[in-house]
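Trainee: Quick one: the structure is below, and I'll ask about it shortly.
The values are calculated or read from the model by the stated rules, or taken from the named source; none is laboratory data. Model, not experiment: these values are computed from the prediction. Here the Cβ positions follow ideal geometry from the backbone for every residue, glycine too, while neighbour counts run over all protein chains shown.
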Amino acid sequence: MIEAEGIDKSLGMDYYIYDELYVGDVLEFKKSPKSFKVYEVYLDGTVVSLELCGSEQSKTQGRFTYFIMCKEGIDTFYAIYLLKQLFRAGIGYAGLKDSESYSCQLISVDSKYLKGIEKHYKFNNITLCFYKYSEYPLMRGHLLGNVFKVFSKFKKYNTDIIDRINNVRNCLKDKYLVNYYGHQRFGTIRPTTHLIGKAIINKDWYEAVRIIAGTPTYYESDIVKSAREEFELGNYYRALHLFPPEYWIERRVCRVMHISKDPFKAVKSLPKDILQFYVEAYQSYIFNKVLSEALKYFKSVEVLKNTCETLIVPGSNTFLYDDICSSITREVIEREGVKPNDFIIKDLGIVGKGYVRDSVFKVMDLDLEYEEDGVWFSFRLQRGSYASIFLRELFRKV
């Protein structure tokens, strides 16, 4: 195992696992919609893409209409926000996709809201087309996994490099990776969702809104940094008008703070699924810390898998036994200073339930396709596992 540093450590990901997977000295990966593509795998095994548009011919209309949504460079929450405005209805979706990707996934809309609505749209870097009808809405978790296509450029080129890259495929045949929650769970540009969740758990409403709309970071644009600085100064109205439209969460917080100066009202003004996501992000951070502590204790992925094949993501219904896996979880929870009841936030009507999660995962169906200036890595992951965890092994910084 190799000690991690920087942002990775701040998100609970303390270790890289396999030195032999590292190719960051010969390949360069810069995440963008052109180099990072994600295709959802539906419950029936269908890989979702625009090629499926209109492929399902249904004579009778179902209660719910499924659309294929492909988006580029925007996060799923913002895409759903835009679609709610378009259809004036709730939107069902199975999973969240990386904001720095080109991604395709299914969404569902109650058919009664779609009278006179077209079956193909293109706006705000979103392409939407009709797929099929169903009697059931899409819900979180209604997917088998995702297929990823990732391009990285050669830093230099020779036959030895090709052998090293090919060796990645050979190494992964019998190796498991640690099932950390990836960077996008916490925010790829501004990894703060877990900190917001912790503030909500602690009912520190001002801290929650300060992290949401304040706390400027180096990686954001000058206009967004200025908006956050104005918020921190209490100039909520000015901050509201500085934030671009896609920062709709920050804008809503600014608007309520300008009107009421009440941070609790500002937090409560956000949709429940967003608030739930913040709390779940904090639960994910705790799980990452548990996983890192387990790795430190067992000193190998193989022993971890054989001893603690699953670990608990702590929540309101968490019950811990006296085994070694539970004791590691208990130590981390106590260090964080949280109890199961803390995940029941009655003021907001949300609950962070605990559950079990695999401690390791496999990279499946890895394929390499070489081009003149680089290589495409194509692979499939199970539901809930993150491509960024595989990529951080390859490149160390993602």
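Trainee: I'd like the full set of residues that are in a strand (DSSP E or B) and among the polar types (S, T, N, Q), limited to the stretch 123-141. Can you show your working first?
Mentor: So the first thing to find is which residues in the stretch 123-141 are in a strand (DSSP E or B), and the list is 123, 126-134.
Across the stretch 123-141, the qualifying residues are 127, 134.
Trainee: Which number in (1) of a type in the set (A, V, I, L, M, F, W, C); (2) without any contact (Cβ under 8 Å) to a residue 24 or more places away in the chain; (3) in contact with a Phe, Trp or Tyr (Cβ under 8 Å, 6 or more places away or on another chain) marks the one condition that residue 91 misses?
Mentor: Tallying (1) of a type in the set (A, V, I, L, M, F, W, C); (2) without any contact (Cβ under 8 Å) to a residue 24 or more places away in the chain; (3) in contact with a Phe, Trp or Tyr (Cβ under 8 Å, 6 or more places away or on another chain), residue 91 fails exactly one: (3).
Listed here are the residues, each with its yes/no results for (1) over 18 Å from residue 396 (Cβ atoms); (2) of a type outside the set (Asp, Glu); (3) outside any strand (DSSP E or B).
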residue	(1), (2), (3)
147	yes, yes, no
152	no, yes, no
156	no, yes, yes
162	yes, yes, yes
165	no, yes, yes
168	no, yes, yes
171	no, yes, yes
174	yes, no, yes
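Trainee: Could you tell me which of the residues 55, 10 is farther than 16 Å from residue 131 by Cα, polar (S, T, N, Q) and not assigned by TED's automatic domain parsing to the domain that holds residue 248?
Mentor: Going through 55, 10 in turn, just one is farther than 16 Å from residue 131 by Cα, polar (S, T, N, Q) and not assigned by TED's automatic domain parsing to the domain that holds residue 248: 10.
Trainee: Oh, and also: Only one residue in 130, 64, 36, 77 is hydrophobic (A, V, I, L, M, F, W, C), modelled with pLDDT of 90 or more, more than 18 Å from residue 277 (Cβ to Cβ) and touching a helix residue (DSSP H, G or I) at 6+ places or on another chain (Cβ under 7 Å), so which one is that? Lay out the reasoning, then the answer.
Mentor: On the way: 130 fails: touching a helix residue (DSSP H, G or I) at 6+ places or on another chain (Cβ under 7 Å); 36 fails: touching a helix residue (DSSP H, G or I) at 6+ places or on another chain (Cβ under 7 Å); 77 fails: more than 18 Å from residue 277 (Cβ to Cβ).
Going through 130, 64, 36, 77 in turn, just one is hydrophobic (A, V, I, L, M, F, W, C), modelled with pLDDT of 90 or more, more than 18 Å from residue 277 (Cβ to Cβ) and touching a helix residue (DSSP H, G or I) at 6+ places or on another chain (Cβ under 7 Å): 64.
Trainee: Starting from the stretch 231-255, take each residue that is not assigned by TED's automatic domain parsing to the domain that holds residue 216 and list its partners that are crowded, with 22+ Cβ neighbours inside 10 Å and of a type in the set (D, E, K, R), counting only C-beta distances under 6 angstrom and pairs at least six apart or across chains.
Mentor: From residues that are not assigned by TED's automatic domain parsing to the domain that holds residue 216, there are no pairs.
Trainee: If you don't mind, there's one more thing I want to ask. So how many residues does the stretch 90-101 have that are outside any strand (DSSP E or B) and surrounded by 16 or more Cβ atoms within 10 Å (Cβ to Cβ)?
Mentor: Step one: of the stretch 90-101, the residues outside any strand (DSSP E or B) are 90, 94-101.
Next, from what is left, pick out any that are surrounded by 16 or more Cβ atoms within 10 Å (Cβ to Cβ): 94-101.
Total satisfying the criteria: 8.
Trainee: Restricting attention to the stretch 190-216, and to residues there that are free of Cβ contacts under 8 Å to residues at least 60 places away in the same chain and among the β-branched types (Val, Ile, Thr), which single residue is surrounded by the fewest Cβ atoms within 10 Å (Cβ to Cβ)?
Mentor: If we take residues in the stretch 190-216 being free of Cβ contacts under 8 Å to residues at least 60 places away in the same chain and among the β-branched types (Val, Ile, Thr), then 215 is surrounded by the fewest Cβ atoms within 10 Å (Cβ to Cβ).
Trainee: What number goes with the only condition from (1) closer than 30 Å to residue 320 by Cβ; (2) surrounded by fewer than 16 Cβ atoms within 10 Å (Cβ to Cβ) that residue 244 does not pass?
Mentor: (1)
Trainee: Would you mind stating whether residue 267 is more than 30 Å from residue 238 (Cβ to Cβ), in contact (Cβ under 8 Å) with a residue 12 or more places away in the chain and among the aliphatic types (A, V, I, L, M)? Steps first, answer last, please.
Mentor: Values: more than 30 Å from residue 238 (Cβ to Cβ): no; in contact (Cβ under 8 Å) with a residue 12 or more places away in the chain: yes; among the aliphatic types (A, V, I, L, M): yes.
When the stated conditions are applied, residue 267 does not pass them.
Every residue, every condition in (1) under 15 Å from residue 127 (Cα atoms); (2) free of Cβ contacts under 8 Å to residues at least 24 places away in the same chain; (3) in a helix (DSSP H, G or I), yes or no:
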| site | (1), (2), (3) |
| --- | --- |
| 61 | no, no, no |
| 66 | yes, no, no |
| 70 | yes, no, no |
| 74 | yes, no, no |
| 78 | yes, no, yes |
| 81 | yes, no, yes |
| 86 | yes, no, yes |
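Trainee: Same structure again: With the structure loaded, tell me whether residue 155 is farther than 20 Å from residue 90 by Cβ and touching a residue at least 40 places away in the same chain (Cβ under 8 Å) or whether it fails that test. Spell out the reasoning first.
Mentor: Details: farther than 20 Å from residue 90 by Cβ: yes; touching a residue at least 40 places away in the same chain (Cβ under 8 Å): yes.
Yes.
Trainee: Answer yes if at least one residue in the stretch 258-276 is out of contact with any Phe, Trp or Tyr (no Cβ under 7 Å at 6 or more places or on another chain), outside any loop (DSSP other than H, G, I, E, B), basic (Lys, Arg) and crowded, with 16+ Cβ neighbours inside 10 Å, and no otherwise.
Mentor: Scanning the stretch 258-276 turns up no residue that is out of contact with any Phe, Trp or Tyr (no Cβ under 7 Å at 6 or more places or on another chain), outside any loop (DSSP other than H, G, I, E, B), basic (Lys, Arg) and crowded, with 16+ Cβ neighbours inside 10 Å.
Trainee: Might you let me know whether the stretch 102-113 holds any residue that is assigned to a loop (DSSP other than H, G, I, E, B) and in contact (Cβ under 8 Å) with a residue 12 or more places away in the chain?
Mentor: No, the conditions are met nowhere in the stretch 102-113.
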